[in-house]
Each structure stands twice: as structure tokens, then as C-alpha cells.
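The structure appears below as C-alpha cells.
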Amino acid sequence: MKLKLHIWRQNGPNDKGKLETIDAPNVSPDQSFLEMLDDVNQALAIEGKDVVAFDHDCREGICGMCSQVINGVPHGGQERTTVCQLHMRKFKDGDEIFIEPWKARAFPVIKDLVVDRDGLEKIMQAGGYTSCHTGGVADGNALPIGKPIADYSMDAAECIGCGACVASCPNSSAMLFTGAKVAQLAVLPQGKIEAQRRVMAMTEAAKENGFGNCSNHYECQASCPKGVDVKFIAKLNREYMKALVT
Amino acid sequence: MQLTQSSVGRKIIMAVTGIVLVSFVCVHLLGNSSIFVGADAINAYAQKLHSLGPFVWVFRLVMLAAFAIHIVFGIQLTLENKAATPESNMQVKRLKTGFGAETMIVSGGVIFFFVVYHLLHFTVRVTNPEIYVPLGDQGMVNVYFMMVNGFKGALPVIAYVAGLIFLFLHVGHGIQSLFQTLGLSNDKSLPVMGMFSQLVGFVLLVGYVSIPLLIVAGLIKI
């Protein structure tokens, strides 16, 4: 396949940045999107040009590192798919593809497609610890947790922290991320102890780190590569109200 | 402090004041719909409201407070949201949200100006003083006469239809949004809330707009 790529090039957070058109003349439909970019970079390197900086790590859809807005949608718009799991067979010969970084005040661009997602880490840090008893290892079944609760918590824990929710949100809100992190612990006996402090601290950290407010567009769920549900934002809101009144 | 400064706290305030405002809009439509029964019905309804005396003023103050709080926090949250997204991508494709949800601040602004006009038109009686004629000797106004003559010109009809289209857009997103904000939704109920929200908005639009349109059509007349 022959593709025309419009890739965002930016030297740093203070650089203005612009789209640069780069041809990809020999793309295999079996390649992943990142492999295609590897080839593009290889060609750029041979020509002595500056390669396109992009984030990646596991390349199997579980680490949350790859973070590109492809044709206006974080991760490219294929349902529940990260960029690394997006394959070139989804595109047609002659396609023009726009590749841009996450854009949000909370995610300053480091270079090209790489952004600083430290804001999400700050929210996690604000979440703090969960209390546990010290001493010997607890019996496996000493703390029974019902299957529906365990499933609910695991669904929330599917979040890989990629930041697509922020990138897709018209308000750059991190409420789906925060909701998932709050909800996964709030329903478990281990997490209930600090639940009230946690929800207050995490929502405050989201605000302090420059994320916007949720106004219920639900773009976050639509673009989440793990399909994390906005019901976890409702759960966060319930937990917040509980913390307010007690 | 948490309630008035935090992200979720202010959204809760938006939701609660939203409930007050949309409930009023629904009750107001029910009251207005007595015009379909006839002149005596809507005049009797107006008389009943006036007989409440000081309670009317308590009610008006509560409404004014809800309206003001909803506007102030709405503007504040929107400005913060704009600041959180200083620059958009060159290509933006939305997958889920709609026109109504993305234009809440615009529809809210239009509704504000519409409400001001509506109050000047029918409550403070500034824009069209000629439509007021007394009813009886209790200081009452003939509300039926006021409404029918109030929609004689093209300007009020256009203003009301436009204002109510924006109300439809605002309520269509707002109702499901308040359920989500107050934590009253889950994955099963949220799509139903979305449809309910649109339905309420549509009923309000049709209900309210039908009055000036039926007057223009000559079906409601003196």
C-alpha cells in the first residue's frame, strides 16, 4: 500500500508544532500501525532526517504507552484497540492518515507524538495506599469477595492509563481514568477503608494537574481501548457524595 | 468549600439547580396548557397563583437563586474546560457526543436572554404594555387576552420558537447528564436516560411552541 501521512512534528512543549507530510510508499497490510511508523522512521534515518518520536512499549495492547490521535480519534477509532494493535489492513491504498499527539493542557508535548502523561500518575499518587494487616500471609479465602463485585472491580481495573479518555474529551477531563481507579478499590473490602479520603484526593489531584471537568459527553468510553464504562464515573460521583456527607 | 470549589462538587450543584429549573419548566407547561381548555381555565389558574400571595415571592426567589447559581457555575466550569484544552487536534472526530451536549454553554446563553425577554414580555410587562387588560376589580390581568395578543406579531413568535429549540437542546443533554452526575445511572440505565432526556426536551418543545403557533394559526383566539 502507498499512504500519505500527515504527522505532527513538534520539538518541545514551547514549540508551535505543525503537520508534516511524509509518504509511506511500501506499507504491508499485515503490519501494525507502529511497525508502519518504524519503517517510516527507518527511511527518515537513512535520509539523515529527524525521526518521528512516538511512545510505545509492550506492543500487545496492555501497557498504555502508545498514544496517537489517528484521523481525529485516539487510537484510531477501532473499537477496544490500542494503536499498536491497529493493523494497516484497516486502511486502503492511497489513504491519507493524520497522526497527532494527545492534546490537553495536562499533557504537554515532549516531542512530536510523545506527551508527558505525568498528570495521570499524580492522580494515582493522590489515591495513596490501601490498609492491610501485617503479619503472616492471609488465608486465600479468609476475605470472601462475591463474583459480581470482583468482576466489577476487574472491569474498572482494565484501565491501562493510556490517556485516550482525556484526549477524546472535549473538556480534557480525566474523570473516566479517575473514576475507574476510584471504583476498582471502592467496592473491595481492602479499598473501602480509605475510600472517602481517596475519592476526595484523586478528584482534587485531577483538577490541580490541569484536567477539565466532566460534562458527560461519554467520548471517553467510546475511545477507550479497554472499553472502560462511564458507569465508573457515576460510581465516583456516588463515592464523592458519600464522602461529602459523612 | 468542597462543594463549591471541587470539580465534582460544582457539577452536583449544576445537577441540583438543573432539577429545580427543569421541574419548573415542566410545571409551567402544565399550567400554560390550561389555555387549551379555554379563557376561563387559564384565568382561573392565574388567579390561583396570585392568591398564594407571599409564597409566590418565596418561589420566585428560589427560582432566581437556582437560575443564577446554575449560570455562574456553568460559565465557570466551561471556562475551566476551555482552559484545559488550549489547542485542539487538526482533525477531530467525535464518536459519541452530540450537538446539544457540545453547545450547552451556547444554548444556556440563548435561554438566559430568552428568559429575560419572556419576563419583560409577560411578567414585568415592558415590551408590549398594550396586551394587558384588567379582569375583575381584584387587580388581576386577563391572562388569556394577554397571551393571544402577545403573539400577534412575528417577533415574539420567532423569539419563543427559537428560545424553545435551544431549551430542547439544553434539556436533551441536561437531564441524562444530571442522573449521571448524581450517580443515579449505570450501564443499563444510561441509554434509557438519554432517550428519556430527549423525550422530555421534545415534549417541552412541542408543548410550549404549540401555544404561539396555534394562536398564529387562529385556532386559539379571542
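The values are calculated or read from the model by the stated rules, or taken from the named source; none is laboratory data. Quick caveat, the model's predicted, so the values are computed rather than measured. Backbone-built Cβ (ideal geometry, glycine too); neighbour counts: all protein chains shown.
Looking at region B:13-25, is at least one residue within 14 Å of chain A (Cβ to nearest Cβ), under 18 Å from B:E80 (Cβ atoms) and either more than 15 Å from the chain's Cα centre (by Cα) or of a type in the set (D, E, K, R) (or both)? Checking region B:13-25: at least one residue is within 14 Å of chain A (Cβ to nearest Cβ), under 18 Å from B:E80 (Cβ atoms) and either more than 15 Å from the chain's Cα centre (by Cα) or of a type in the set (D, E, K, R) (or both). Note on region B:83-126: residues that are within 30 Å of A:R9 (Cα to Cα), surrounded by fewer than 18 Cβ atoms within 10 Å (Cβ to Cβ) and polar (S, T, N, Q) amount to 2. Determine which member of the set A:T203, A:T178 is closer than 19 Å to B:L182 by Cα, free of Cβ contacts under 8 Å to residues at least 40 places away in the same chain and crowded, with 23+ Cβ neighbours inside 10 Å. After applying the criteria, what remains is A:T203.
One residue alone among A:G227, A:G210 is part of a loop (DSSP other than H, G, I, E, B) and at the interface with chain B (Cβ under 9 Å from one of its Cβ atoms), and that residue is A:G210. Test A:D39 against the criterion of being closer than 21 Å to A:D116 by Cα and of a type outside the set (A, V, I, L, M, F, W, C), and give yes or no. When the stated conditions are applied, A:D39 does not pass them. The requirement of being in contact (Cβ under 8 Å) with a residue 12 or more places away in the chain, of a type in the set (A, V, I, L, M) and either within 13 Å of another protein chain (Cβ to nearest Cβ) or buried (at least 20 other Cβ atoms within 10 Å of the Cβ) (or both) is satisfied by B:V171.
Filtering region A:87-111 to residues that are small (G, A, S), within 14 Å of chain B (Cβ to nearest Cβ) and assigned to a loop (DSSP other than H, G, I, E, B) leaves only A:A106.
Matching residues to (1) in contact with a strand residue (DSSP E or B) (Cβ under 9 Å, 6 or more places away or on another chain); (2) surrounded by fewer than 24 Cβ atoms within 10 Å (Cβ to Cβ); (3) modelled with pLDDT under 95; (4) β-branched (V, I, T):
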site: A:P148; (1), (2), (3), (4): no, yes, no, no
site: A:D155; (1), (2), (3), (4): no, yes, no, no
site: A:S168; (1), (2), (3), (4): yes, no, no, no
site: A:N237; (1), (2), (3), (4): no, no, no, no
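Collect the residues in region A:149-162 that are within 13 Å of chain B (Cβ to nearest Cβ) and in contact with a helix residue (DSSP H, G or I) (Cβ under 9 Å, 6 or more places away or on another chain), keeping them in residue-number order. Passing the criteria: A:Y152, A:D155, A:A156.
Condition first: within 21 Å of A:I233 (Cβ to Cβ) and buried (at least 24 other Cβ atoms within 10 Å of the Cβ). Can you find one or more residues in region A:87-105 that meet it? Yes, there is a match, as at least one residue in region A:87-105 is within 21 Å of A:I233 (Cβ to Cβ) and buried (at least 24 other Cβ atoms within 10 Å of the Cβ). Specify which of the listed residues (A:G127, A:G61, A:G72, A:G76) is buried (at least 16 other Cβ atoms within 10 Å of the Cβ) and either in the same structural domain as A:S173 (by TED's automatic domain parsing) or of a type in the set (D, E, K, R) (or both). Among A:G127, A:G61, A:G72, A:G76, only A:G127 is buried (at least 16 other Cβ atoms within 10 Å of the Cβ) and either in the same structural domain as A:S173 (by TED's automatic domain parsing) or of a type in the set (D, E, K, R) (or both). Residues that are touching a residue at least 24 places away in the same chain (Cβ under 8 Å) and among the acidic types (D, E) were ranked within region A:51-78; the one that is farthest from A:K111 (Cα to Cα) is A:E60.
Among the residues of region B:83-112, those identified as away from chain A (no Cβ under 14 Å) and either touching a helix residue (DSSP H, G or I) at 6+ places or on another chain (Cβ under 8 Å) or touching a residue at least 24 places away in the same chain (Cβ under 8 Å) (or both) are B:V110, B:I111, B:F112. Considering B:G194, B:G150, the condition of being more than 23 Å from B:I42 (Cα to Cα), in contact (Cβ under 8 Å) with a residue 12 or more places away in the chain and not hydrophobic (A, V, I, L, M, F, W, C) is satisfied by B:G194 alone.
Residues in region A:20-45 that are polar (S, T, N, Q) and in contact (Cβ under 8 Å) with a residue 40 or more places away in the chain: A:S28, A:Q31, A:S32. Each residue in region A:42-86 was checked for being more than 13 Å from A:V114 (Cα to Cα), within 14 Å of chain B (Cβ to nearest Cβ) and assigned to a loop (DSSP other than H, G, I, E, B), and 6 of them qualify. Here B:S177 qualifies as in a helix (DSSP H, G or I), touching a residue at least 40 places away in the same chain (Cβ under 8 Å), within 14 Å of chain A (Cβ to nearest Cβ) and hydroxyl-bearing (S, T, Y). One residue is enough: does region A:142-155 have a residue meeting the conditions of a type in the set (F, W, Y) and outside the structural domain of A:V52 (by TED's automatic domain parsing)? Scanning region A:142-155 turns up at least one residue that is of a type in the set (F, W, Y) and outside the structural domain of A:V52 (by TED's automatic domain parsing). Take A:S28 and decide whether it is hydroxyl-bearing (S, T, Y), surrounded by fewer than 18 Cβ atoms within 10 Å (Cβ to Cβ), more than 29 Å from A:K207 (Cβ to Cβ) and more than 14 Å from every other protein chain (Cβ to nearest Cβ). For A:S28, the condition - hydroxyl-bearing (S, T, Y), surrounded by fewer than 18 Cβ atoms within 10 Å (Cβ to Cβ), more than 29 Å from A:K207 (Cβ to Cβ) and more than 14 Å from every other protein chain (Cβ to nearest Cβ) - is met.
Looking for something more than 30 Å from A:N216 (Cα to Cα), in contact with a strand residue (DSSP E or B) (Cβ under 8 Å, 6 or more places away or on another chain) and either of a type in the set (A, V, I, L, M, F, W, C) or within 12 Å of chain A (Cβ to nearest Cβ) (or both) - is there at least one such residue anywhere in region B:147-156? No; the residues of region B:147-156 include none that is more than 30 Å from A:N216 (Cα to Cα), in contact with a strand residue (DSSP E or B) (Cβ under 8 Å, 6 or more places away or on another chain) and either of a type in the set (A, V, I, L, M, F, W, C) or within 12 Å of chain A (Cβ to nearest Cβ) (or both).
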